[in-house]
1. For D168, what is the net charge nearby, where nearby means another residue's Cβ is under 12 Å from its Cβ and Lys, Arg count +1, Asp, Glu -1?
2. If I stretch the segment between Q49 and E74 completely, what's the gain in nm (0.36 nm per residue apart, minus their alpha carbon distance), one decimal?
3. If I build a Gaussian network model for the chain, linking alpha-carbon pairs within less than 10 angstrom, which residue out of E174, E24, E16 has the largest mean-square fluctuation?
4. Assuming R0 = 22 Å, can you tell me the calculated FRET efficiency for the pair V56 and Y165, based on Cβ-Cβ distance, to the nearest 0.05?
5. I'd like the antiparallel share, as a percent to the nearest 5, of DSSP beta bridges with both residues in the chain.
6. What FRET efficiency comes out for R130 versus L220 if R0 is 22 angstrom and r is the Cβ-Cβ distance? Round to the nearest 0.05.
7. Quickly work out the A92-to-V138 label distance, labels modelled 7 Å from Cα along the C-beta direction, and quote it in nm with one decimal.
8. For Rg and Dmax of the Cα atoms in Å, one of (1) 20.2, 66; (2) 16.4, 46; (3) 19.8, 61 was computed from the structure I shared and the rest are decoys. Which label?
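Read-outs: derived from the displayed coordinates by stated rules, not from any lab. Everything numeric here is computed off the predicted structure, so don't read it as measured data. Cβ: placed from backbone, ideal geometry, glycine included. Neighbour counts: every protein chain shown.
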Amino acid sequence: MPCYNEESALPLLLNELCALALPEKYALTLLVINDCSKDNTVAVARKHQVKLLDLVNNLGIGGAVQSGLKYAKENDFDVAIQLDGDGQHPPAEIIKLLQGHEDGTDVVIGSRFLSKEGFQSSFMRRMGIRYFYRLNQVLTGNNIYDSTSGFRLLGKKAIDIAAAYYPDDYPEPESLIIFSKAGLKIKEVPVLMSHRLGGTSSISNSSSIYYCIKVTISMLFSFIRKPQ
C-alpha cells in the first residue's frame, strides 16, 4: 500500500484490512510504504498490525510500489496485491482479485468499468483512461479497459519482473506493456471503487495533458525496448 500524506484515510482502511476474512489458503501480510509523507501517516500505520517501509527519499508512486514488490520477492510471497492508501479501493473487493487469480492469471486488474458500478472517476479522467485503453490495445492486443487502475494482483512471475523493471513514474499503463512483452497472462475483473477518503490526487486536471503525453512516450519506449 503506497502512501503519501494519507493520515485521514488510513485508520478506516487499515481497520477494514485487518478485519478482512480471506479464503483459508491465504494469509494476509499488510505492508504500508510511506513515501516521505509530511503528515502523520507513519504514526497512524504504527498503531496497526502492519509492516512498514519508511522510505528515506520520496520515490513517487512507481518507486514506492516497486519497493513493496521487492519486499514481496525477497520474502518469497506468492501473491502481491497493490491498493491505494486513500480508500478508493475497498478491502472487501480484494476477494474478487483473488478469485481472478484462481486460474493462474499472472496480473489481475480491478476494473471500475466492466460493471460500471461505484465511483467512475471524473469525465476528464475517463477520457484519458479510454485513450490508454486504445493505446494498450494497439501495442499489445489486450483489451484492458481500466489500465490506469492501481488496484491489482500480481502473481509470482509478475512480482519477479516488477521487482526488477517496474516503471518509475505513473507506472500502471506502462507496466502492462512490460508484462505483456514478458508473455504474462493479464485480465480484468469488475470491482467497486469509492471516492478517496482524504488527501489529494497526484494528478490534477491541469496536469492531465502532461500526464498523458509523458505516459504515452514511456509506453512507446517500453514497447520498442529489447526484452531484458
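1. Taking every other residue near D168 into account, the sum is -1.
2. Going from the current span to full extension adds 7.0 nm.
3. E24
4. E(calc), rounded to 0.05, equals 0.50.
5. Taking every DSSP beta bridge within the chain, about 40 percent pair in antiparallel fashion.
6. 0.75
7. 4.0
8. Computing Rg and Dmax of the Cα atoms in Å and matching it to (1) 20.2, 66; (2) 16.4, 46; (3) 19.8, 61 gives (2).
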